1. Those residues that are more than 25 Å from residue 199 (Cα to Cα) and assigned to a loop (DSSP other than H, G, I, E, B), I need them from segment 119-175; list them, please.
2. For residue 80, indicate whether it is without any contact (Cβ under 8 Å) to a residue 24 or more places away in the chain and either of a type outside the set (Val, Ile, Thr) or surrounded by fewer than 18 Cβ atoms within 10 Å (Cβ to Cβ) (or both).
3. Can you tell me which condition residue 152 does not meet? The list is (1) open to solvent by less than 20 Å² (accessible area, probe 1.4 Å); (2) more than 12 Å from residue 103 (Cα to Cα), and all the others hold.
4. Within segment 250-268, which residues are assigned to a loop (DSSP other than H, G, I, E, B) and either open to solvent by less than 30 Å² (accessible area, probe 1.4 Å) or among the acidic types (Asp, Glu) (or both)?
5. Within segment 225-237, take every residue that is of a type outside the set (S, T, N, Q) and farther than 14 Å from residue 195 by Cα and give me the one that is surrounded by the most Cβ atoms within 10 Å (Cβ to Cβ).
6. Quick one: count up the residues across segment 60-71 that are surrounded by 10 or more Cβ atoms within 10 Å (Cβ to Cβ) and over 19 Å from the mean Cα position of the chain (by Cα).
7. For segment 238-249, give me each residue that is without any contact (Cβ under 8 Å) to a residue 24 or more places away in the chain and either surrounded by 11 or more Cβ atoms within 10 Å (Cβ to Cβ) or in contact with a Ser or Thr (Cβ under 7 Å, 6 or more places away or on another chain) (or both).
8. Looking at (1) in contact (Cβ under 8 Å) with a residue 24 or more places away in the chain; (2) among the acidic types (Asp, Glu); (3) open to solvent by 70 Å² or more (accessible area, probe 1.4 Å), which one does residue 131 not meet, given that it meets all the others?
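The values are calculated or read from the model by the stated rules, or taken from the named source; none is laboratory data. Source: prediction; values computed, not measured. Cβ coordinates were reconstructed from backbone atoms using ideal geometry, including for glycine residues, and neighbour counts include every protein chain displayed. For the accessible areas, the whole protein counts, side chains as well, though only heavy atoms, and no ligand, DNA or RNA atoms are used. Shrake-Rupley method; radii C 1.70, N 1.55, O 1.52, S 1.80 Å.
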Amino acid sequence: MGLQLAAIAKRFTLMAQQAAKKAKSAEGTVQVGMNFEKMMENMKFAAAENAAVFGTPQPQIFVSSRTPEGDELVFHAHQAAKEAIKALYPNIKVGITLSMHDCQALPGGESFADAAWDEEFRHYLPYIEGDDFLGVQNYTRTQYGPEGQLPAPEGAELTQMDYELYPEALEHVIRRVHEDFHGDLIVTENGVAVSDDSRRVEFIGRALKGVENCLADGIPVKGYMYWSLMDNFEWQKGFSMTFGLIAVDRNTMERHPKPSLAFLGSHR
């Protein structure tokens, strides 16, 4: 995820640099009082506060962009942690979880799709060799054409997160991961943010069918965890994204099970 965020941040930085050149003239084009100079000033204050509190103007957190060097450092730490855990408790199962898209190439997009899969999965293989399991996180697919990543296909059903509702992606990712990683697999995240719970039921049914197909072919999928049990606080999007099998009244904190909860619970 750190590398995915870095790629997104790079695109936004380029956009911000272009916008900064036009910021003053742009202020008069928005029908609300925006002070871009003040916004930039506040960013400087935030950097100074971070430096005072954390010792750095840009503290690295879970959703920070990650450099290739930082990415490698994380996985050296994983290897060292695995060695220490196994030395003390050899029977404990050790592994990691990765966030992966179903990277699909349209004609001319093969090199882009291959590079994306290498970044999301393949380059980690030397560091996870010998792990007991791999956690698979997947929500959708990403398609690539001759110019790179493509938007969702025209007419595709989109989720509240603005990506394509495409539960078949999970089976595709499980099968592709199994080609190179031969330990146990656990689906650690798979779900959909929609307001219409019947679409969640549809998503779960199709996703689980894909898991069942993998099991029938002998792929060692040891578990499936839907994201999430309850409607959650989804980072900067707050409570607006409803992934949950259970709704939550944020005023009373009362829980309201959705039909999708019983649907998932009925699968064995």
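1. 121, 129, 130, 131, 132, 146, 147
2. On the way: without any contact (Cβ under 8 Å) to a residue 24 or more places away in the chain: yes; either of a type outside the set (Val, Ile, Thr) or surrounded by fewer than 18 Cβ atoms within 10 Å (Cβ to Cβ) (or both): yes.
Answer is yes for this residue.
3. For residue 152, the failing item is (1).
4. As a first pass, look at segment 250-268 and keep what is assigned to a loop (DSSP other than H, G, I, E, B): 250-254, 258, 266-268.
Listed by number, the list holds a single entry, 254.
5. The initial filter retains those residues of segment 225-237 that are of a type outside the set (S, T, N, Q), namely 225-227, 229-231, 233-235, 237.
This time we only want the ones that are farther than 14 Å from residue 195 by Cα, so: 225-227, 229, 233-235, 237.
Values: 225: 16, 226: 21, 227: 17, 229: 15, 233: 11, 234: 16, 235: 9, 237: 11.
Residue satisfying both the conditions and the ranking: 226.
6. So in segment 60-71, the residues surrounded by 10 or more Cβ atoms within 10 Å (Cβ to Cβ) come out as 60, 63-68, 70-71.
Imposing the further condition that a residue be over 19 Å from the mean Cα position of the chain (by Cα) reduces the set to none.
Residues that pass the stated criteria total 0.
7. Step one: filter segment 238-249 for residues without any contact (Cβ under 8 Å) to a residue 24 or more places away in the chain, giving 238-239, 244, 246-249.
Residues satisfying the conditions are 239, 244, 246, 247, 248.
8. Single failed check for residue 131: (3).
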